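One structure is given below, encoded as structure tokens.
The values are calculated or read from the model by the stated rules, or taken from the named source; none is laboratory data. None of the values given here were measured: they were computed from a predicted structure. For neighbour counting, all protein chains shown are included, and Cβ atoms are generated from backbone atoms with ideal geometry for every residue, glycine included.
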Amino acid sequence: MRITLFFLVLSIGLGASAQDDKSSCPGNLSIFAEFAKVKNYDSAYQPWKEVRTICPELNVATFKYGERILAHKIKNATEDKAVYQQELIALYDDWITYFPTTKRGASEVGKILSSKAQALVDYKLGTTQEAFDTFNQAFTQDAASFTSPKRLYTFFKTSYQLYKEGNQSTEELFNKYEEISEKFELEQTNLARKLDVILKKEDAGEPVTSREQRNKRVYETNVLAFSTYAGNLEAMISKESSCENLIPLYRKNFEVNKTNSVWLNRAASRMDAKECSDDPLFVELVEALHGINPSANSAYYLGLLKDKAGDSQGALAYYEESLTLEQDQYRKATILYKIAVKFKTRGLKSKARTYALRALKNQPSMGKAYMLIANLYASSANKCGATQFEKRAVYWLAAKTARRAASVDPGVKKTALKMAASYSGRAPSKTDIFTEGNSGQTIRFTCWINDSVIVPEL
């Protein structure tokens, strides 16, 4: 009995000393990492827990894999779910303490804090205000690493919830919307820059490496995600951002902000996007903006005003001034696309296509520009061509252009393919081709389109 007791005490002592002994950490790190790599998170948990408790400073893998391990435990737990949830929140806090930067020294605080905030929302931990404050801290401290479209969307969702609960003003809501939507635009532009490098190589017939192919798939996935969440963001704010709400708000705040170029630009942009530019306030905003800081945006808005006044030449002059003032090719592409839309609305199809093509020259992955051109072609069916067959053949050109949109821009792929299918369905059928006997022949459109299509082979 004494011997048994002796060994029991000895084993307890050895266990305690083992817990304090960091020498076991490298081995446990290797063990849990191997389990985690094959998604055996249950087996990974205990050795991970040992490393997490004894030597959290050892390797960032403790936190990266720990996030996955705990997410798995939370999802599958029956009794200890709350314990694992609190472990996860504590993990994020310690992650910032021990590994706030990458190996190259870039901050990851925004990424980590936004992950923590998302967890607070997902697991309904704390209040909406606490989640919003955590998101806001991430965005304020380190927006550069806060790049997840889902978390950016959830960030605004918490702001919107606070607004609905009466804990945020309309002005605060719109300020947050503008900040987050600008972040969306920035990240989408960054992805477009990367994607366009590869697209240009493909279009030039240059070889694309396997790494570039993998990167392209990643970029395309992220483009789609950003496009989806940006659409959700816009849908959420749409009711609140009506002209009936925007105009009184901006009118109330105009005097104190009439020398604030950021505020003026955001207000003008929102009013233009929501088609509130007929209101006299829009004129005041634009003139004030151009007066204190002549820019590509202010020149573009002055062009809009000239357009509305019926001064087409004056409008075009301001549009071109806008393009001259803008040095960044991607922001220039956005302006060119907006101008193309304005010309399309006025029925000036050739000019609209010209500006859409200029937009694509600056941003080859701008699928919506191809879609605009496709729509221009489709709207000219039955107007171009000498025979009924030739008139309907325009739809082939429209469908081809829509498919190009789908191939370069994952964000519009689904819509563009539906558009292409619709246009193809309106084009001449195989029976029509057989009857005409012109399979494989070229049809040239001498109208404004000034392009051609090849009749499909039977």
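Which count do you get for residues in region 91-120 that are hydroxyl-bearing (Ser, Thr, Tyr) and assigned to a loop (DSSP other than H, G, I, E, B)?
Residues meeting the conditions: 1.
Can you find a residue in region 287-296 that is over 25 Å from TYR355 (Cα atoms) and not in a helix (DSSP H, G or I)?
yes
Of the residues PHE184, PHE146, only one is at pLDDT 95 or above and more than 19 Å from LEU91 (Cα to Cα); which?
Of PHE184, PHE146, the one residue that is at pLDDT 95 or above and more than 19 Å from LEU91 (Cα to Cα) is PHE184.
Residues to consider are LYS361, LYS391, LYS400, LYS414; find the one that is touching a Gly at 6+ places or on another chain (Cβ under 6 Å), surrounded by fewer than 21 Cβ atoms within 10 Å (Cβ to Cβ) and either assigned to a helix (DSSP H, G or I) or in contact (Cβ under 8 Å) with a residue 60 or more places away in the chain (or both).
Result: LYS391 is the single residue among LYS361, LYS391, LYS400, LYS414 that is touching a Gly at 6+ places or on another chain (Cβ under 6 Å), surrounded by fewer than 21 Cβ atoms within 10 Å (Cβ to Cβ) and either assigned to a helix (DSSP H, G or I) or in contact (Cβ under 8 Å) with a residue 60 or more places away in the chain (or both).
Just the residues that are in a loop (DSSP other than H, G, I, E, B) and under 25 Å from LYS418 (Cα atoms), please, taken from region 326-347.
Scanning region 326-347 gives a single hit, GLY347.
For LEU186, are the conditions met, namely being out of contact with any helix residue (DSSP H, G or I) (no Cβ under 7 Å at 6 or more places or on another chain) and within 20 Å of PRO410 (Cβ to Cβ)?
Yes, satisfied.
Can you name the residue in region 197-215 that is in contact with a helix residue (DSSP H, G or I) (Cβ under 9 Å, 6 or more places away or on another chain) and within 20 Å of LYS332 (Cβ to Cβ) and is also surrounded by the most Cβ atoms within 10 Å (Cβ to Cβ) among such residues?
So, considering only residues that are in contact with a helix residue (DSSP H, G or I) (Cβ under 9 Å, 6 or more places away or on another chain) and within 20 Å of LYS332 (Cβ to Cβ), the one surrounded by the most Cβ atoms within 10 Å (Cβ to Cβ) is LEU199.
Condition first: out of contact with any Asp or Glu (no Cβ under 7 Å at 6 or more places or on another chain), within 17 Å of ASP278 (Cα to Cα) and crowded, with 17+ Cβ neighbours inside 10 Å. Now tell me which residues in region 305-324 satisfy that.
Selection gives LEU305, LYS306, ASP307.
Table: residues versus (1) closer than 25 Å to ALA192 by Cα; (2) at pLDDT 90 or above; (3) of a type in the set (Phe, Trp, Tyr); (4) under 26 Å from the mean Cα position of the chain (by Cα).
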| position | (1), (2), (3), (4) |
| --- | --- |
| LEU249 | no, yes, no, no |
| PHE254 | no, yes, yes, no |
| TRP263 | no, yes, yes, yes |
| ALA288 | no, yes, no, no |
| ASN293 | no, no, no, no |
| GLY314 | no, yes, no, no |
| LYS332 | yes, yes, no, yes |
| LEU336 | yes, yes, no, yes |
| VAL341 | yes, yes, no, yes |
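Filtering region 418-458 down to residues that are closer than 30 Å to ASP196 by Cα and touching a Lys or Arg at 6+ places or on another chain (Cβ under 7 Å), which residue is surrounded by the most Cβ atoms within 10 Å (Cβ to Cβ)?
This residue is ALA420.
Any idea which of (1) among the polar types (S, T, N, Q); (2) surrounded by 21 or more Cβ atoms within 10 Å (Cβ to Cβ); (3) assigned by TED's automatic domain parsing to the domain that holds ASN232 is the one THR147 doesn't satisfy?
Against the list (1) among the polar types (S, T, N, Q); (2) surrounded by 21 or more Cβ atoms within 10 Å (Cβ to Cβ); (3) assigned by TED's automatic domain parsing to the domain that holds ASN232, THR147 comes up short only on (2).
Scan region 50-66 for residues that are assigned to a helix (DSSP H, G or I) and crowded, with 16+ Cβ neighbours inside 10 Å and jot them down.
Passing the criteria: GLU50, VAL51, ARG52, ILE54, ALA61, THR62, PHE63, TYR65, GLY66.
Tell me which residues, restricted to region 395-441, are basic (Lys, Arg), touching a Leu at 6+ places or on another chain (Cβ under 8 Å) and closer than 25 Å to MET366 by Cβ.
ARG403, LYS413
Could you please find all residues in region 32-47 being in a helix (DSSP H, G or I) and surrounded by fewer than 18 Cβ atoms within 10 Å (Cβ to Cβ)?
Answer for region 32-47, where residues must be in a helix (DSSP H, G or I) and surrounded by fewer than 18 Cβ atoms within 10 Å (Cβ to Cβ): GLU34, LYS37, ASP42, SER43, GLN46.
Within region 146-167, work out how many residues are closer than 27 Å to THR221 by Cβ and not in a helix (DSSP H, G or I).
Residues that pass the stated criteria total 3.
Against the definition (loosely packed, with under 15 Cβ neighbours inside 10 Å and of a type outside the set (Ser, Thr, Tyr)), how does ALA106 come out, yes or no?
yes
Would you check if SER380 is assigned to a loop (DSSP other than H, G, I, E, B), surrounded by fewer than 22 Cβ atoms within 10 Å (Cβ to Cβ) and modelled with pLDDT of 95 or more?
Here the answer is yes, as SER380 does meet what is asked.
Going by the conditions given, is ALA374 in a helix (DSSP H, G or I) and farther than 22 Å from PRO456 by Cβ?
no
When the residues of region 250-273 are narrowed to those that are buried (at least 19 other Cβ atoms within 10 Å of the Cβ) and aliphatic (A, V, I, L, M), which ends up nearest to SER322 (Cα to Cα)?
Result: ALA268.
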